[in-house]
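**Q** Right, I'll just put the structure down here and ask away after.
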Amino acid sequence: MRARTTIKDVAEAAGVGVATVSRVLSGGSASQQTRERVLAVAAQLDYRPSALGRNLRQRRTGGIGLLIPDITDSFYGRLADGVLACARAAGEPVIVGATGDDAEGEAEMIGILLEQGVDRVVAVPSGDTEPWAPALRAGMTVVFADRRVNGRDDMVGAIPAVLADERSGVRTAVEYLVGLGHRRIAYLGGVGQSGRAAAFRDTLAALGVKIDEELIVFGRATRDSAYAAASGLFQHRPDLTGVITGGNMLGEAAVLAARELDLRVPRDVSLIMFDDVPWAELCAPPLTVIAPPARDIGYRATELVLRTPGRRTRPVRLPTELIIRGSCGPRR
């Protein structure tokens, strides 16, 4: 039997992205030339978008889609555990997909879920609005978890979200380091962490500490990139005395880079990591962390996606906790 044609097959044959195919087939905006090419290829390959072209409310198969950037990341593992617990209590199965923090991968997974008749999704978005407007037009109910999408699309901007109160968490961490006498504090961030970087800047300004943009560095969503960013930061700015990392992969990179460069924690540099993972307490010294409620975020997001397809623009924000351990000390 010939394998069923997928939305990815259509995209490859038409020479466009999966998000573009999804947008064309759901009636979204595209140039006339692109629209005609996509529709011609779809007809040639006998592609039949079972969910995109029909009323999902009449064809839904049940279940919830969960889209996360990385299934190996412990934060997303705990978030997924909350989603699974809530879905289990409601008697709903969960289909999990990893997007790699990539808009094309995200669009592909959305297309697969729609083809399977899954019309409720909890997602940690990559930050691109493009995959989500077609999904909403196709009838998908979406709740974002941990992040929101930045953009001017009113439809996507109205998607509900359950978030950690990252501004409060970062503010508390910066205040703690400044209280220890640190003034040259760096922020090491990653994908989707613009809010944490903004809170870092705002808190320094409120405390009267000069903002040094060279000390605000971002890495991509890979361990190699995170390590390169941390190592480069330590080598180019040996005068820094404190670092706040925006996630556990970045925290791991900072610990490894400091060790490779013979920087003593906390004597030479104080470290605070956003996220609490088992290895943080096993470090020597144990890491001070901003602990977000990852499991609760997943649970609450699933409650929302099960409760109603209605929209709420104000996100639910859950509190974080600063857990003080041994990785911070007074500036010397």
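The values are calculated or read from the model by the stated rules, or taken from the named source; none is laboratory data. Note that this is a predicted model, so its numbers are computed, not measured. So basically every Cβ, Gly included, is an ideal-geometry build from the backbone, and we count neighbours across all protein chains shown.
**Q** Please specify each residue of the range 218-248 satisfying the condition of being hydrophobic (A, V, I, L, M, F, W, C), modelled with pLDDT of 95 or more and within 15 Å of Ser194 (Cα to Cα).
**A** Residue satisfying the conditions is Ile244 alone.
**Q** Just wondering, is there one or more residues in the range 174-192 that are out of contact with any Cys (no Cβ under 7 Å at 6 or more places or on another chain), assigned by TED's automatic domain parsing to the domain that holds Lys210, within 23 Å of Val305 (Cβ to Cβ) and buried (at least 21 other Cβ atoms within 10 Å of the Cβ)?
**A** Checked the range 174-192: at least one residue is out of contact with any Cys (no Cβ under 7 Å at 6 or more places or on another chain), assigned by TED's automatic domain parsing to the domain that holds Lys210, within 23 Å of Val305 (Cβ to Cβ) and buried (at least 21 other Cβ atoms within 10 Å of the Cβ).
**Q** What is the number of the single condition among (1) within 16 Å of Thr320 (Cβ to Cβ); (2) among the hydroxyl-bearing types (Ser, Thr, Tyr); (3) without any contact (Cβ under 8 Å) to a residue 60 or more places away in the chain that Ser168 does not meet?
**A** Condition (3) is where Ser168 drops out.
**Q** Using the structure shown, decide if Ala161 is small (Gly, Ala, Ser), touching a strand residue (DSSP E or B) at 6+ places or on another chain (Cβ under 7 Å), more than 30 Å from Arg267 (Cβ to Cβ) and at pLDDT below 95.
**A** Yes; evaluated as a whole, the condition is true for this residue.
**Q** Another one. Looking at Gly219, Gly208, Gly195, Gly242, which one is under 20 Å from Gly181 (Cβ atoms) and either of a type in the set (Ser, Thr, Tyr) or surrounded by 14 or more Cβ atoms within 10 Å (Cβ to Cβ) (or both)?
**A** Numbers: Gly219 fails: under 20 Å from Gly181 (Cβ atoms); Gly208 fails: either of a type in the set (Ser, Thr, Tyr) or surrounded by 14 or more Cβ atoms within 10 Å (Cβ to Cβ) (or both); Gly195 fails: under 20 Å from Gly181 (Cβ atoms).
That would be Gly242, the only listed residue that is under 20 Å from Gly181 (Cβ atoms) and either of a type in the set (Ser, Thr, Tyr) or surrounded by 14 or more Cβ atoms within 10 Å (Cβ to Cβ) (or both).
**Q** Tell me which residues, restricted to the range 222-235, are surrounded by 12 or more Cβ atoms within 10 Å (Cβ to Cβ) and either in a helix (DSSP H, G or I) or in contact with a strand residue (DSSP E or B) (Cβ under 7 Å, 6 or more places away or on another chain) (or both).
**A** Within the range 222-235, Arg223, Ser225, Ala226, Tyr227, Ala228, Ala229, Ala230, Ser231, Gly232, Leu233, Phe234 qualify.
**Q** What residue, of Glu115, Glu130, Glu92, is acidic (Asp, Glu) and under 18 Å from the mean Cα position of the chain (by Cα)? Before the answer, list the steps.
**A** Working: Glu115 fails: under 18 Å from the mean Cα position of the chain (by Cα); Glu92 fails: under 18 Å from the mean Cα position of the chain (by Cα).
After applying the criteria, what remains is Glu130.
**Q** Given (1) outside any helix (DSSP H, G or I); (2) at pLDDT below 95; (3) outside the structural domain of Gly195 (by TED's automatic domain parsing), where does Ala284 come up short, assuming only one miss?
**A** So the condition that Ala284 fails would be (3).
**Q** While we're here: Which ones in the range 251-264 are in contact (Cβ under 8 Å) with a residue 60 or more places away in the chain and over 24 Å from Gly181 (Cα atoms)?
**A** Selection gives Ala253 alone.
**Q** Could you pull out the residue among Asp81, Asp102, Asp46 that is at pLDDT 90 or above and assigned by TED's automatic domain parsing to the domain that holds Pro134?
**A** From the options Asp81, Asp102, Asp46, the qualifying one is Asp81.
**Q** Could you check how many residues of the range 134-167 are of a type in the set (S, T, N, Q) and either buried (at least 16 other Cβ atoms within 10 Å of the Cβ) or in the same structural domain as Ser194 (by TED's automatic domain parsing) (or both)?
**A** Of the range 134-167, the ones of a type in the set (S, T, N, Q) are 141, 150.
With the extra rule that they be either buried (at least 16 other Cβ atoms within 10 Å of the Cβ) or in the same structural domain as Ser194 (by TED's automatic domain parsing) (or both), the set shrinks to 141.
Total satisfying the criteria: 1.
**Q** Tell me which residues, restricted to the range 76-97, are within 19 Å of Asn248 (Cα to Cα) and surrounded by fewer than 17 Cβ atoms within 10 Å (Cβ to Cβ). Spell out the reasoning first.
**A** Restricting attention to the range 76-97, the residues satisfying the condition of being within 19 Å of Asn248 (Cα to Cα) are 76-82.
Scanning the range 76-97 gives Gly77, Asp81.
**Q** Criterion first (in contact with a helix residue (DSSP H, G or I) (Cβ under 9 Å, 6 or more places away or on another chain) and either assigned by TED's automatic domain parsing to the domain that holds Val94 or touching a residue at least 60 places away in the same chain (Cβ under 8 Å) (or both)) does Ser231 satisfy it?
**A** It is false that Ser231 is in contact with a helix residue (DSSP H, G or I) (Cβ under 9 Å, 6 or more places away or on another chain) and either assigned by TED's automatic domain parsing to the domain that holds Val94 or touching a residue at least 60 places away in the same chain (Cβ under 8 Å) (or both).
**Q** Among the residues of the range 236-255, which ones are part of a helix (DSSP H, G or I) and not polar (S, T, N, Q)?
**A** Listed by number, the residues that qualify are His236, Met249, Leu250, Gly251, Glu252, Ala253, Ala254, Val255.
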